[in-house]
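Rule-based calculations on the coordinates, nothing more; no lab input. None of the values given here were measured: they were computed from a predicted structure. Counting neighbours? That spans all protein chains shown, and the Cβs are built from the backbone with ideal geometry, glycine included.
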Amino acid sequence: MARCYVALGANLGRPELQLSRAIAALGQLPQTDLVNRSQLYRSPPMAGMEQPDYLNAVACIDTDLAPLALLDALQQIERDNGRERHQHWGARTLDLDLLLYGDQQLELPRLTVPHYGMAERAFVLLPLFEIAPALILPNGQHLASLMAQCPPQAIYLYRS
Ligand code: ROI
């Protein structure tokens, strides 16, 4: 079993609904257990464009799915939630990013883990820290030190 972390984000449609559906769907995947999930966080869009605020969360799963099988499953959950091919960095109904797959470091055409952007993204690091404060990345970096170095960003705990 590999312990994996998945970042969730949405800023179109009904973000809260899409995130809770997606978290439930993660728990329904074959050979997979949902271990934990963060609370929901709201943040303004990173990377300039005019678009609504995002809701973000992170889920922890244990899975026997191989990395690319898990990626396929995540993309299926995106499509099930109305995801259309989106512009790069455009608004979306649901975005699922595989942050970490056990302690593996992979650079495949379709998949890079650890996720390339996570260190710069408070909306990923903060919910991840909520559920895994002692996490150490495959390269030996502590999550807590990534957080200390992350560029400051506005992020709010979301209460529905
Ligand atoms: N900004 C925030 N706050 N949350 C996201 O999930 C998010 N996702 C993205 C970009 C457009 C980079 N900005 C984001 O893909």
Study note, to complete from the structure: Only one of (1) in a loop (DSSP other than H, G, I, E, B); (2) free of Cβ contacts under 8 Å to residues at least 24 places away in the same chain does not apply to A148, and that is (1)
Practice item. Select from segment 104-119 the residues that are in contact (Cβ under 8 Å) with a residue 60 or more places away in the chain and closer than 19 Å to A57 by Cβ and write down the one among them that is surrounded by the most Cβ atoms within 10 Å (Cβ to Cβ). Key: M118
Review point. When segment 38-97 is examined, which residues are found to be more than 9 Å from the ligand (Cβ to nearest atom), under 15 Å from N11 (Cα atoms) and in a strand (DSSP E or B)?
Key: A57, L96
Revision key, fill the gap. Within segment 1-25, residues being basic (K, R), in a loop (DSSP other than H, G, I, E, B) and in contact (Cβ under 8 Å) with a residue 60 or more places away in the chain number 0
**Study point:** Neighbours by Cβ (under 6 Å, 6+ apart or cross-chain): first from segment 87-103, in contact (Cβ under 8 Å) with a residue 40 or more places away in the chain; second within 14 Å of the ligand (Cβ to nearest atom) and of a type in the set (K, R)
**Key:** T93/R83; L94/R83
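Can you tell me how many residues in segment 1-24 are surrounded by 18 or more Cβ atoms within 10 Å (Cβ to Cβ) and in contact with a helix residue (DSSP H, G or I) (Cβ under 9 Å, 6 or more places away or on another chain)?
Going through segment 1-24, the residues surrounded by 18 or more Cβ atoms within 10 Å (Cβ to Cβ) turn out to be 4-12, 15, 18-19, 22-23.
Restricting the remaining residues to those that are in contact with a helix residue (DSSP H, G or I) (Cβ under 9 Å, 6 or more places away or on another chain) gives 4-10, 12, 22.
Count: 9.
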Revision key, fill the gap. Pairing a residue in segment 47-66 that is more than 15 Å from V6 (Cβ to Cβ) with any residue that is in a strand (DSSP E or B) and among the β-branched types (V, I, T), where Cβ atoms lie under 8 Å and the two sit 6 or more apart in sequence or on different chains, gives D64/T32
Review point. Of the conditions (1) within 18 Å of W89 (Cα to Cα); (2) exposed (fewer than 14 other Cβ atoms within 10 Å of the Cβ); (3) touching a residue at least 40 places away in the same chain (Cβ under 8 Å), Q153 fails just one. Which one is it?
Key: (2)
Review point. Just wondering, is there one or more residues in segment 71-88 that are surrounded by fewer than 15 Cβ atoms within 10 Å (Cβ to Cβ) and either under 30 Å from H142 (Cβ atoms) or touching a Pro at 6+ places or on another chain (Cβ under 9 Å) (or both)?
Key: no
Check your understanding: Restricting to segment 25-42, what's the tally of residues that are buried (at least 21 other Cβ atoms within 10 Å of the Cβ) and not aliphatic (A, V, I, L, M)?
Key -> 3
**Study point:** Which numbered condition P133 fails, given (1) loosely packed, with under 13 Cβ neighbours inside 10 Å; (2) in a helix (DSSP H, G or I)
**Key:** (2)
